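Okay, structure first, notes after.
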Amino acid sequence: MKAEEIAKILEQFAGLEIQEKWDNSGLCIGSPEQEVTGIMLGLDCSVELLREARNVGANMVVTHHPLIFHGLRQLHPGDPVADAVMEAVRNDMLVYALHTPADKVVEGVSWQMALRLGLQDIRILDPEPGGVGLGTVGDFPEPVADPQDFISLVKNAFELETMRCSRPVGNVRRVAMCGGSGSDLIARAQAAGAQAYISADFHYHHFFTPENFMILDIGHYESEKYIVQTLYSLLKKNFPTFAVQISERQLQNPVRYY
């Protein structure tokens, strides 16, 4: 099987044409004509993930975050990106990423967040032409009256030990969310009538929220990690007998909490 056949399935789910201008989704290293022996899935491409793939006979890595975001002027050993690029090239490996396209589509990153929380009537928070866009917003069947009950619900849904939160509010019925860095959509969440907005990478001043609105920073990794299972299911459905695996390192957050 060639890399272009795998890319075709991924891009039928989330086309590269909808990626953000600053993004670098798609085949980053390797040729579309290259034969694939196996696929390893993870959230981030690293030397460790590439070596894990090689150890099980996989020569293609598919991640959510692109390995290369910006142009590389030098490749110096010891730099994590440079080391991963050199590891991939040295071992004739393919590196593919599906980043903001997977953020924008139905069933993508933010959609998976809404489903985990048990929301209904889910729709795109910041819609674009073509039925895509960033973030989601949805409703609980009944309002969650107690603020602590809502916070516990969020922690359980996303398997959290801790998170950052503004002043809690009660009677949460509508919740907006965006996987990854979503501070740009805070105003959208308020305009959508949400009592709570879940995302990551908020700054200090974002936590000064108006009455009856709260933000919850669950962490970048924590908000996006479930897309790996989505991509795995997609590939296994289309290639049921092909070697597709989720990296064990996919479950390792680069951020440490003490």
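The values are calculated or read from the model by the stated rules, or taken from the named source; none is laboratory data. On a predicted model such as this, the values are computed, not experimentally measured, just so you know. Quick reminder, even Gly has a Cβ in these numbers, built from the backbone with ideal geometry, and neighbours come from all protein chains shown. For the accessible areas, the whole protein counts, side chains as well, though only heavy atoms, and no ligand, DNA or RNA atoms are used. Shrake-Rupley method; radii C 1.70, N 1.55, O 1.52, S 1.80 Å.
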Helices (runs of 4 or more DSSP H) wholly inside segment 152-258 containing at least 1 residues that are over 30 Å from Met1 (Cβ atoms) and not hydroxyl-bearing (Ser, Thr, Tyr): 186-191, 220-224
Unmet criterion (only one of (1) in contact with a strand residue (DSSP E or B) (Cβ under 8 Å, 6 or more places away or on another chain); (2) at pLDDT 95 or above; (3) open to solvent by less than 40 Å² (accessible area, probe 1.4 Å)) for Ser247: (2)
Residues (in a helix (DSSP H, G or I) and not basic (Lys, Arg)) located in segment 92-141: Thr100, Pro101, Ala102, Asp103, Val109, Ser110, Trp111, Gln112, Met113, Ala114, Leu115, Leu117
Count of residues meeting criterion [under 24 Å from Glu248 (Cβ atoms) and open to solvent by 50 Å² or more (accessible area, probe 1.4 Å)] in segment 2-26: 0
Single match in Ala200, Ala194, Ala187 (criterion: farther than 26 Å from Arg256 by Cα and free of Cβ contacts under 8 Å to residues at least 40 places away in the same chain): Ala187
